[in-house]
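Here is the structure we will look at.
The values are calculated or read from the model by the stated rules, or taken from the named source; none is laboratory data. Given the structure is predicted, the values throughout are model-derived calculations rather than measurements. Neighbour counts run over all protein chains shown; Cβ positions are idealised from the backbone, glycine included. Quick note on the areas: whole protein, heavy atoms, side chains included, nothing else; ligands and nucleic acids left out. Shrake-Rupley method; radii C 1.70, N 1.55, O 1.52, S 1.80 Å.
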Amino acid sequence: MSQPRAVVIGGGIGGLTAAIALHQRGWAVTVLERSPALTPVGAAIGLMPNAQRALDVIGLGDRVRELSAWQGAGGLRTPAGRWLNRMDGQAAAERFGGPLVLLHRATLVGLLCDALPEGAVRTGTAATLADPGRAPGDSGDPGGGPGTGPRAAVVDTAYGALEAELVVAADGARSAARRTLFPGHPGPVYAGYTTWRVVVPPPGRPFAPHETWGRGRLWGTQPLKDGRVYAYAMAVTPAGGHAPDDERAELRRLFGDWHDPVPRIIDAAAPGDVLRHDVHEMRSPLPAYHRGRVALIGDAAHAMQPTLAQGGNQAIEDAVVLAHHAGPGTADAAPDLAAYTAARLPRTTAIVRQAHRTGRLAGAGGAVTAALRDHLVAGVSRLVPGLVLRNFDGIADWRPPQRPYAAGTPRGQWEEGRAEH
């Protein structure tokens, strides 16, 4: 019996996770990545328990936790250093059945690549969705091609066309595959701010992990397991901007007078290592996350603001749920992409909207509005400890439809290893 074929367009975290999950179900998988190498965009990624559970399904959850710094402690500060609230990492882990962990994106990408068979990933290979195909039972003909029966999807590359029973479009917020499937959809829009990210050597003196909210600006500083520090920043600014000199100098101008260790982190950064990216979000949801034999995952389906740290997490969720509904890789494979859309579209649309609301709160730029926000956060945190964690109810406690979580039984590895972190 021949294996059904799956082509994944895009070699990011979501695309690689989908490839692994499908491969483990028996599909013959090819990942097409246009870049000459799998160089992750971004410096680090926080993985909440929901994404870790998805990684447990493909056998990588324990390894990710082993290589990560366990997070959750710290809190929210003002630019002068005053704490608005403090968070307890143990309370978060108990509430959601596991810790928040942080690791370098390159580490995660390396783990994902190692879990795929040799030759499955083709770098330096641009791909174009030529025909979304037609799945058994489709009532329409999304590709406009000949005939009315099922047919494979077609992906064009410089090395020839590839036919597949399933195409996974993991080609990011500017997804060309999404535009092919839904040409009338407006796509993502600029969220109103840009972000910077950098990883620096240990800064010397210890510090408490924190996120700091200013007027139209935000800064976060978190430790990685190897002692390096991951920092991220946000500022409300017109789209498409760039520093007149370099982005480290821009960070100095925006954040150089904020509380310690912010200036030290900026000074420790090499100018060329500071990444800057405008933020886009899918403010108008798609009508579906599939068409024909093509499924959209990650930012291609639901680009969101990073304010809930869920962009990569939701892409990982997408990947394992898609593999669940794709079914086993047998000759008569019939992916149920409508079930995939039904499982993912309502959940991710709600998270996109919640991230948007949080972004508006964090990005408050007026003096009165920002002061009122800080007063409200501090007051509510004193009156209702742990209230911040409730923002992640229904998000961080999600469980995949596959084993070991199908029966709703949480895994307990974090209990065994937390003393080591």
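Each 10 Å bin, from zero up to the one with the longest distance, holds this percent of the alpha carbon pairs of the range 80-136: 14, 20, 26, 18, 17, 4, 0.
FRET efficiency for the pair E94 and T123, taken as 1/(1 + (r/R0)^6) with r the Cβ-Cβ distance and R0 = 45 Å, rounds to 0.60.
Take the Cβ atoms of K225 and T148, set R0 to 35 Å, and the FRET efficiency comes out at 0.05.
Computed about its Cα centre, the charge dipole of the chain is approximately 1000 debye, with only Lys, Arg, Asp and Glu carrying charge at their Cβ. In this rough spin-label picture, where each label sits 7 Å from Cα along the Cβ direction, the R179-T39 distance is 2.3 nm. Quotient of the Cα radius of gyration of the range 9-168 and 2.2 N^0.38 Å, N being its number of residues: 1.35. With 5 Å bins from zero, work out the P(r) of the range 259-301 over every alpha carbon pair and list the percent per bin. Going out from 0 Å in 5 Å bins, the range 259-301 shows 5, 14, 16, 12, 10, 9, 10, 10, 8, 5, 1 percent. The antiparallel fraction among DSSP beta bridges confined to the chain stands at about 75%. Estimated translational diffusion coefficient (Stokes-Einstein, Kirkwood radius over Cα pairs, 20 °C, 1.002 mPa s) of the range 189-274: 162 µm² per second. Other residues lying with their Cβ under 11 Å from the Cβ of I45 contribute a combined charge of +2, Lys and Arg counting +1, Asp and Glu -1. Under conditions of 4 °C and 1.567 mPa s, the range 47-111 yields 100 µm² s⁻¹ as its translational diffusion coefficient, taking Rh as the Kirkwood radius over Cα pairs in the Stokes-Einstein equation. Residues H290, H259, sorted by accessible area with the largest first, give H290, H259 [1.4 Å probe; ligands and nucleic acids excluded].
Counting only protein heavy atoms and a 1.4 Å probe, the chain has 43 square angstrom of accessible area per residue. Across D245, D393, D171, the residue with the most accessible area heads the list, and the full order at a 1.4 Å probe is D245, D393, D171.
Mean silhouette area of the range 93-247, derived from the convex hull of its C-alpha atoms and averaged over all directions, reads 16.0 nm². Across the accessible surface of the chain, with the other protein chains kept in place and a 1.4 Å probe, carbon and sulfur atoms take up 53 percent.
The modelled label-to-label distance for the pair A73/H375, using points 7 Å beyond Cα in the direction of Cβ, is 3.3 nm.
Taking other residues whose beta carbon is less than 10 angstrom from the beta carbon of A135, and scoring Lys, Arg as +1 and Asp, Glu as -1, yields +1.
Between the range 221-255 and the range 338-379, the alpha-carbon centres lie 22 Å apart. The calculated P(r) of the range 1-104, using every Cα pair and 10 Å bins from 0, goes 13, 32, 30, 16, 7, 2, 0 in percent. Ellipsoid semi-axes for the range 252-380, based on the Cα gyration tensor and the rule √(5λ), read 39, 19, 12 Å when sorted largest first. For the range 300-376, the ratio of Cα radius of gyration to the globular rule of thumb 2.2 N^0.38 Å stands at 1.58. Using the alpha carbons alone, the radius of gyration of the chain stands to its Kirkwood radius in an Rg to Rh ratio of 0.98. A Förster radius of 60 Å combined with the Cβ-Cβ distance from A367 to S2 puts the calculated FRET efficiency at roughly 0.35.
One equal scatterer on each Cα of the range 289-328, no solvent, Debye formula: the resulting log10 I(q)/I(0) at q = 0.19, 0.29, 0.32, 0.33 Å⁻¹ is -0.56, -1.00, -1.10, -1.13. For the range 14-65, rounded, prolate or oblate, judged on the Cα gyration tensor with a ≥ b ≥ c (square roots of eigenvalues), a/c < 1.5 rounded, else prolate if a/b > b/c? It is oblate, given that a/c is not under 1.5 and a/b is not larger than b/c.
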